[in-house]
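FYI, it's all coordinate maths here, none of it is from the lab. Predicted, not measured: the structure shown is a model, and the values here were computed from it.
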Amino acid sequence: GVVEGFRADFASRRYRHEEIVGGEVGTRFGNDTDEVNLMVRHKPAGRLTGTVGGWALNRQFSAVGEEALSPPVRERGAAAFFYEELTWPHVTFQFGARVNHASFDPEDELPSRSFTDTSGSLGLLFRPRAAEDRFTLAVSLARAARNPALEELYFFGPHPGNFAFEIGNAKLGSEKALGFDVSARWRSRRISGEISFFRNAIADYIFRNPLTEEEFDARFGHAGDEEDEEEEGHGGEFGFIEFVAADSVLQGIEGHADIEIGRGLGMEVGIDYVRGELSAANQPLPRIPPFRLRAGLNYQRNAFQAGGEVVAVSRQKRVFGAETPTAGYGNLRLFGAYSFGTANVVNTVTARLDNATNELYRNHLSLVKDVVPEMGRNFKLLYSVRF
């Protein structure tokens, strides 16, 4: 046969969530999802190796209560894809494609929507003969698409979990991106690493755009009098945001390196930086992460591991409109783990201490950064079993 191997995954999730307002349950959310994924690896055909596959999704979303964000919506999705490689001693050519279909069917007068999108990519890996497989230059070009999410299409109402009155847009289309990236990878006896540059031009990029109360009233009617606002938890309490789309550009750099110091001790360092702008207005996109530097040490001896990582994040002052800038911060994480075997299973006990210095900071990507800082010192003790 032509099949060398396959992998099939099935997941069924039943999620319930209650949002408490004034000590009482304001809204109950339900999110039931069934998902299946199949990947089949075919036997090599000369220099050609690869995988074909499919994916399917069935989701039922509901929100019941005074602050229901949308009517019940059924979402279905299906996709087919392939990924192939042609390999020579010093060059590898990669190519792949995916066709994705998604449909959304709300139960009230809101319109049903369906999307069929195609994505594809081409890549080239070059390993110079003189480098003796210690250096690789990788270049790729991709055309990708993403259909709007259920929340971006149909939400309309106060969302206490995000401290916002969220306004979807059932007329949104799919995002379509043309992306390019180039990376250099190297490895030696003690050091390996990679540094990459990427640029994505995205048509109809979907993002959260804030509205003033006056803009909301002009377009959707008055938000309510003061008594209604206190009872329903919007207007004066929450800001208004709508999901909109505009052509945008995202570009940045990423890098990391692993260093073997010796006797079980290793070091890892990394950087990442992203710059996002609206193409027409030359204005920063909202919630773009600031420059980040990571450095960590890891020690392993037999079944014992211990280590720590410092994350330094710069301030973010390139903000969208009235978005709040965030200050820079540092974060220290520590961990230790020990594994032992019993019968035919592996037992692992892990202790983690996040934000060890109890730093007060706000994550620029957080939807609630204006109201709530990130978690303080946090200790976790975990036990896992593998069999």
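Database remark: amide H of Asn363 closer than 5 angstrom to the amide H of Glu374 (H placed geometrically; neighbours at sequence offset of 5 or more, or on other chains; Pro and chain starts carry no H). Sorting the Cα pairs of region 1-119 by distance into bins of 5 Å, from 0 upward, gives 2, 9, 14, 14, 14, 11, 10, 8, 6, 5, 4, 2, 1, 0 percent per bin. Summed over qualifying helices (DSSP H, 4 residues or more, each -39500 (n - 2.57)) and divided by its residue number, the chain shows a 222 nm mean residue ellipticity of -1500 deg cm²/dmol.
Expressed per residue, the C-alpha convex hull volume of the chain stands at 196 Å³.
With the Kirkwood sum run over all distinct C-alpha pairs, region 288-387 has a hydrodynamic radius of 15.8 Å.
Once you have the Kirkwood Rh of region 262-331 from its Cα pairs, apply Stokes-Einstein at 10 °C and 1.306 mPa s and quote D in µm²/s. Please list the in-between numbers first.
Working: Rh = 14.5 Å.
In µm²/s, the coefficient is 109.
Counting only DSSP beta bridges with both residues in region 3-285, the antiparallel share comes to about 95 percent.
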